[in-house]
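Down below is the structure, laid out as structure tokens.
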There are 2 protein chains.
Amino acid sequence: MVSDPNVYFAKTLEKGLTVLGLFDKDHSRRTLSEISRLAGINKTSTYRLVNTLVLLGYLSKNARSKALRLGPKALLFGHTIVQGYELLHMVKPLIDEVHRLCNVTIDSTLVDGQTLLALYRREASSTLFFRQPLASEDLHARATGKAVLSRMDQSDLETFLAKAPFKKITPNTIDQASVLLRQIEEDRNRGYSINNEEYLQGLICIGAPLMNFQTGKVAGAISFDLPTTEYTIESLISTYAGQVTKLANDISELVTMNES
Amino acid sequence: MVSDPNVYFAKTLEKGLTVLGLFDKDHSRRTLSEISRLAGINKTSTYRLVNTLVLLGYLSKNARSKALRLGPKALLFGHTIVQGYELLHMVKPLIDEVHRLCNVTIDSTLVDGQTLLALYRREASSTLFFRQPLASEDLHARATGKAVLSRMDQSDLETFLAKAPFKKITPNTIDQASVLLRQIEEDRNRGYSINNEEYLQGLICIGAPLMNFQTGKVAGAISFDLPTTEYTIESLISTYAGQVTKLANDISELVTMNES
DNA sequence: CCCACTGTTACTATAATAGTAACTATGTTA
DNA sequence: TAACATAGTTACTATTATAGTAACAGTGGG
């Protein structure tokens, strides 16, 4: 929990958002004590926050078990916020169009510090299903991650490398900094990155970075995901390298416009 | 803004959520004064709240123009919350499966007071595109709305009827309570409702209510949406009436389980 | 250049929150 | 059944955060 001893900082709001943010896909039900423990807020204050969220409809409380879960208001709130994210609406039609033409799964992510955040994803009906993370720190194991790393500035890259070796997710996952560095060097030159079953077995991906042309900074990345049953790395590159860099370029223009 | 003079109620949290909720699809950029005015919070307090949200990354502020918009953290937060809504994950596979079989656009909504909230929507690729509302009070003009009305209890129905005649959205929209009452009476008997271009010209829909079997209360509704270019009301009913009521029944079981 | 407006900061009375502690409810173990 | 453990709720204040006023700064338009 970030804190700031500023007069113009509403601590109660920070805590309330922390509480609400504890409810996610893997934790749709929580108890008061659990929330108190996880958020590091004392029981009475937690009770006040939770009670507020219940009264406002963001949480609902089971009358018997007292178990808490998200309420309908939270669903609306979440939807509203996601829809209110301007860049999403700028990016969506471009991705949908390429998806329509190629019938391929396309993923777009934004970089926030050392984390990749899901922006918009359009799935081909045939893609093998896996749970897409909303936020990921496994940049070393994803096509989008390597695309971002290939354009990151030196200091940020060093921060990232500091925690090497990286989490081994599949047998193919790169866990040595030297190998990763060689790859992203190559990716920088050719303009796209490859994921060879490094994140999920059976899935290969080709990614390209999203740039803010004005600042020269990397803003995120996109990737096309395909099953190994239908593609090899070579056919993936020959089929999609042009498309993915073109799309990344188009989206980069939107990102640049949006951030200025 | 709901308020409560309770000791166990965090007003600052309420206000902060109100501020964040002001950012939606049609209002992705806002100014401090605007927020202050809309939320009914004085300028300094608004400044504190906004500043907090900026520091936490939920909002980002343009350094020059001072314009505010949602930040990456808000996108993640919104996604996390939506994904944290348990019922969504229970309902999704059922809807996806019927979508796969029928290649039809399926919409599911939950009723919250007098409002329909979007739960999950799966679009057929061919559907004519329109902007799906996240929250709607136009129950009289939608298949889901009429499905819900057909199972609402008397007092809630009267509350709803109190604001008749209803907003005319297309030439076909029903704006007389008597006509609407006759229709929902029929819908109650046959188990499904029809929308004959009453919400959008060129779009006809068939809906069915979601029930909590344990409490006997209506919890929401689903609908299949189809273009008039491919279907008539008659062919819509003969093709989908069985499917939609079956799916509604299956989802109702989940709703019942979920709410107990 | 002035005006009107938005955003920022200083200041303090007032109101809200944190934290302790006691109490209740519920379920578990001996 | 009693004792115990745990989770949730409430009462009570010292402390501290916030609301609101007012003054100031920055910006763009006329």
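The values are calculated or read from the model by the stated rules, or taken from the named source; none is laboratory data. Small disclaimer: the values here were computed from a predicted structure and weren't measured. Glycine also receives a Cβ, built like all others from the backbone with ideal geometry; neighbour counts cover every protein chain displayed.
Checked against (1) more than 7 Å from DNA strand C (Cβ to nearest atom); (2) closer than 26 Å to A:Thr44 by Cα; (3) facing chain A (nearest Cβ under 7 Å), B:Pro72 meets all criteria but (2). So, in the range A:134-165, of the ones that are in contact with a helix residue (DSSP H, G or I) (Cβ under 6 Å, 6 or more places away or on another chain) and part of a loop (DSSP other than H, G, I, E, B), which residue ends up modelled with the highest pLDDT? Among residues in the range A:134-165 that are in contact with a helix residue (DSSP H, G or I) (Cβ under 6 Å, 6 or more places away or on another chain) and part of a loop (DSSP other than H, G, I, E, B), the one modelled with the highest pLDDT is A:Leu134.
Applying the criterion of being at the interface with chain A (Cβ under 8 Å from one of its Cβ atoms) and touching a helix residue (DSSP H, G or I) at 6+ places or on another chain (Cβ under 6 Å) to the residues of the range B:36-55, the residue that is nearest to A:Gly57 (Cα to Cα) is B:Leu49. When the range A:5-35 is filtered for residues that are near DNA strand C (Cβ under 10 Å from one of its atoms) and either in a helix (DSSP H, G or I) or facing chain B (nearest Cβ under 7 Å) (or both), the ones remaining, listed by number, are A:Tyr8, A:Ala10, A:Lys11, A:Thr12, A:Leu13, A:Glu14, A:Lys15, A:Gly16. For the range B:55-83: of the residues being part of a helix (DSSP H, G or I) and over 20 Å from the mean Cα position of the chain (by Cα), which is surrounded by the fewest Cβ atoms within 10 Å (Cβ to Cβ)? The residue in question is B:Leu55. Close contacts from the range A:10-38, counting a first residue that is free of Cβ contacts under 8 Å to residues at least 24 places away in the same chain and within 13 Å of DNA strand D (Cβ to nearest atom) and a second that is assigned to a loop (DSSP other than H, G, I, E, B) and of a type outside the set (Lys, Arg), with Cβ to Cβ under 6 Å and a gap of 6+ residues or different chains, come to A:Leu38/A:Leu22.
Filtering B:Thr159, B:Thr144 for residues that are within 19 Å of B:Thr239 (Cα to Cα) and of a type outside the set (D, E, K, R) leaves a single hit, B:Thr144. Residue under question is A:His89, and the condition is that it be modelled with pLDDT under 95, farther than 19 Å from A:Asn258 by Cβ and within 10 Å of chain B (Cβ to nearest Cβ); does it hold? Considered against the rule, which asks whether it is modelled with pLDDT under 95, farther than 19 Å from A:Asn258 by Cβ and within 10 Å of chain B (Cβ to nearest Cβ), A:His89 comes out as no.
Pick from A:Lys66, A:Lys61: which is in contact with a strand residue (DSSP E or B) (Cβ under 7 Å, 6 or more places away or on another chain) and either of a type in the set (Asp, Glu) or more than 7 Å from chain B (Cβ to nearest Cβ) (or both)?
Working: A:Lys66 fails: in contact with a strand residue (DSSP E or B) (Cβ under 7 Å, 6 or more places away or on another chain).
Going through A:Lys66, A:Lys61 in turn, just one is in contact with a strand residue (DSSP E or B) (Cβ under 7 Å, 6 or more places away or on another chain) and either of a type in the set (Asp, Glu) or more than 7 Å from chain B (Cβ to nearest Cβ) (or both): A:Lys61.
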